[in-house]
Amino acid sequence: MDKLTIEGGSKLSGRVRVSGAKNAALPLMAASILADGPVTLRNLPRLGDLRTMGLLLGHMGGRVDPFWEGEGDGHAAILDMGALSLPEAPHEMVKTMRASALVLGPLLARHGRAQVSLPGGCAIGVRPIDMHLKALREMGAGFDLSGGDIVAKAPKGGLKGASLRFDTVTVTGTENIMMAAVLAKGRTVIANAAREPEVTDTGRALVAMGAAIEGLGTDVITVEGRDSLSGCEHSVMADRIEAGTLMAAAVTSGGDVTLEGAPLGALDAVREKFAEAGALISEGRDGSLRVSAPGGRLKPTDVTTLPHPGFPTDMQAQFMAMMTLADGASIVTETIFENRFMHVSELRRLGADISLEGRSAVVKGVPGLSGAPLTASDLRASASLLVAALAAKGKSELFRVYHLDRGYDRLDEKLNRLGASIVRGKG
């Protein structure tokens, strides 16, 4: 199992390109199930979850042909699911990936049946797919639970359009039902839909395949079912969470970093809070984003996670790492996941002063952090520990970095190119 050894204290500087978004790439790969022809996806990040999804699609009988795009950061793949013959997602293939639920809607829409293991992933709280199943039932599907698998069947004649409303905003639920609806009979209206940019990116690809979708980026999405969809070519949007993590690393280290290819419009809430904390942010004429630390200490800044366009829960831990060095107390409130403070105890090991009060963390800034052994509990927690370790004095070791590798495309290598001192080894 890999670990990272971080020698803190270096100010990051230079330019770095933001990779494609995992949270857009995974539903886009699942969407290939719906197409009669090949789907070419470009700007894919090189991540374990994407490899798992590719293996899963291959297990189903599809063809996934990855190919590299020169020496750049992104790569591409051609996905052809025309020969899909085994509409199932077994536990041994998807136990580490909660995105496995995303194949349920496409399989029911295109093949009328599916057997999907209940999803796994990070231990940051309950992420039930009850709302997915409730919506699919309203579209006519039936379900049984067998050995931890969801066994699903569409009605004779296929799924039917319906007027649906999610009880709470769900990103994967919106994506799943949107993909199911594009081949359903009639019109589907999804109310209280997720507005996240990754949902919109998936919808744009479906439109390129011939789907009829309106309302992308709003909380009401309308889909007119089609008899079939064709293949398409689509470039995956840049990863706004990777961009935010790189911003946090730059600012916390006292550095000056320019992000190339960052999804500027998708970062509004993050940029607003960084600016409130005193970070200096400017856009270049080439579409780049320059982020640097203030002359003195960061300003304490309160933040509350909310569905898009609010501050993203996936940036909560990294922002908290920043606030450990602010000049005063900040309150970080988590409203999306109930267990997303598992990084707090590890940040304390570095010398952070953080206390928990229900779903809020009170972060009292300290003059400095000191290196320590650290253990990652989930994907974004691992990123926050890396951000804090880069600013800490002395050496830190970060264990269980497979969490980091699930969601970041060679983040340690990118940080090293900016001047960090990070060594990957076994431990």
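The values are calculated or read from the model by the stated rules, or taken from the named source; none is laboratory data. Predicted, not measured: the structure shown is a model, and the values here were computed from it. Because the Cβ atoms are built from the backbone with ideal geometry, glycine has one as well, and the counts that use them run over all protein chains shown.
How many residues are part of a strand (DSSP E or B), more than 21 Å from the chain's Cα centre (by Cα) and either at pLDDT below 95 or over 28 Å from LEU369 (Cβ atoms) (or both) if we restrict to region 1-38?
Restricting attention to region 1-38, the residues satisfying the condition of being part of a strand (DSSP E or B) are 2-7, 13-17, 20, 35.
Add one more test, that the residue is more than 21 Å from the chain's Cα centre (by Cα), and what stays is 2-7, 13-15, 35.
Next cut, either at pLDDT below 95 or over 28 Å from LEU369 (Cβ atoms) (or both) only: 2, 35.
The total comes to 2.
Pairs under 6 Å by beta carbon, first residue acidic (Asp, Glu) in region 77-91, partner not in a loop (DSSP other than H, G, I, E, B), six or more apart or different chains?
Listed pairs, sorted by first residue: ASP80/ARG63; GLU88/GLN115.
Taking the criterion of being more than 30 Å from LYS364 (Cβ to Cβ), outside any helix (DSSP H, G or I) and not hydrophobic (A, V, I, L, M, F, W, C), would at least one residue in region 238-256 satisfy it? Even if it seems obvious, please write down each step before you answer.
To start, the set of residues in region 238-256 that are more than 30 Å from LYS364 (Cβ to Cβ) comprises 238-239.
Next, only the ones that are outside any helix (DSSP H, G or I) stay: 238-239.
Within this subset, residues satisfying the condition of being not hydrophobic (A, V, I, L, M, F, W, C) are 239.
Yes: one or more hits.
Specify which of the listed residues (VAL207, VAL182, VAL236, VAL223) is β-branched (Val, Ile, Thr), touching a Ser or Thr at 6+ places or on another chain (Cβ under 8 Å) and closer than 30 Å to ASP36 by Cβ.
On the way: VAL207 fails: touching a Ser or Thr at 6+ places or on another chain (Cβ under 8 Å); VAL182 fails: touching a Ser or Thr at 6+ places or on another chain (Cβ under 8 Å); VAL236 fails: touching a Ser or Thr at 6+ places or on another chain (Cβ under 8 Å).
Just one listed residue meets the conditions, VAL223.
I'd like the full set of residues that are in a helix (DSSP H, G or I) and touching a Leu at 6+ places or on another chain (Cβ under 9 Å), limited to region 48-62.
Restricting attention to region 48-62, the residues satisfying the condition of being in a helix (DSSP H, G or I) are 48-59.
Answer for region 48-62, where residues must be in a helix (DSSP H, G or I) and touching a Leu at 6+ places or on another chain (Cβ under 9 Å): ASP49, LEU50, MET53, GLY54, LEU57, HIS59.
Collect the residues in region 1-34 that are more than 22 Å from GLY261 (Cα to Cα) and buried (at least 24 other Cβ atoms within 10 Å of the Cβ), keeping them in residue-number order.
Of everything in region 1-34, those that are more than 22 Å from GLY261 (Cα to Cα) and buried (at least 24 other Cβ atoms within 10 Å of the Cβ) turn out to be LEU4, ILE6, ALA30, ALA31, SER32, ILE33, LEU34.
Could you list, in sequence order, the residues of region 327-371 that are over 30 Å from THR170 (Cβ atoms) and either in a loop (DSSP other than H, G, I, E, B) or touching a residue at least 40 places away in the same chain (Cβ under 8 Å) (or both)?
Correct list: ASP327, GLY328, LEU350, GLY351, ALA352, GLY365, VAL366, PRO367, GLY368, LEU369, GLY371.
What pairs can you find where one residue is in region 397-421 and under 19 Å from ALA372 (Cα atoms) and in a loop (DSSP other than H, G, I, E, B), the other is at pLDDT 95 or above and of a type in the set (Ser, Thr, Tyr), and their Cβ atoms are less than 9 Å apart, with a gap of 6+ or different chains?
Once the first residue is under 19 Å from ALA372 (Cα atoms) and in a loop (DSSP other than H, G, I, E, B) and sits in region 397-421, its partners that are at pLDDT 95 or above and of a type in the set (Ser, Thr, Tyr) give ARG400/THR375; ARG400/SER382; VAL401/SER382; ALA420/SER10; ALA420/SER253; SER421/THR5; SER421/SER10.
Residues of region 193-215 being part of a loop (DSSP other than H, G, I, E, B) and crowded, with 19+ Cβ neighbours inside 10 Å, which ones?
Of everything in region 193-215, those that are part of a loop (DSSP other than H, G, I, E, B) and crowded, with 19+ Cβ neighbours inside 10 Å turn out to be ALA193, ALA194, ARG195, GLU196, MET209, ALA211.
Could you tell me which numbered condition LEU267 fails, if it satisfies all but one of (1) touching a residue at least 60 places away in the same chain (Cβ under 8 Å); (2) not assigned by TED's automatic domain parsing to the domain that holds ILE33?
With respect to (1) touching a residue at least 60 places away in the same chain (Cβ under 8 Å); (2) not assigned by TED's automatic domain parsing to the domain that holds ILE33, LEU267 is out only on (1).
For the structure I just gave you, tell me whether PRO309 is touching a helix residue (DSSP H, G or I) at 6+ places or on another chain (Cβ under 9 Å), more than 17 Å from THR324 (Cα to Cα) and assigned to a loop (DSSP other than H, G, I, E, B). Spell out the reasoning first.
Numbers: touching a helix residue (DSSP H, G or I) at 6+ places or on another chain (Cβ under 9 Å): yes; more than 17 Å from THR324 (Cα to Cα): yes; assigned to a loop (DSSP other than H, G, I, E, B): yes.
Against the criterion (touching a helix residue (DSSP H, G or I) at 6+ places or on another chain (Cβ under 9 Å), more than 17 Å from THR324 (Cα to Cα) and assigned to a loop (DSSP other than H, G, I, E, B)), PRO309 qualifies.
So, LEU289, is that one modelled with pLDDT of 95 or more and crowded, with 19+ Cβ neighbours inside 10 Å or not?
Values: modelled with pLDDT of 95 or more: yes; crowded, with 19+ Cβ neighbours inside 10 Å: yes.
Yes.
Scan region 128-140 residue by residue and report those that are out of contact with any Pro (no Cβ under 6 Å at 6 or more places or on another chain), within 15 Å of GLY186 (Cβ to Cβ) and not in a helix (DSSP H, G or I).
Scanning region 128-140 gives a single hit, MET139.
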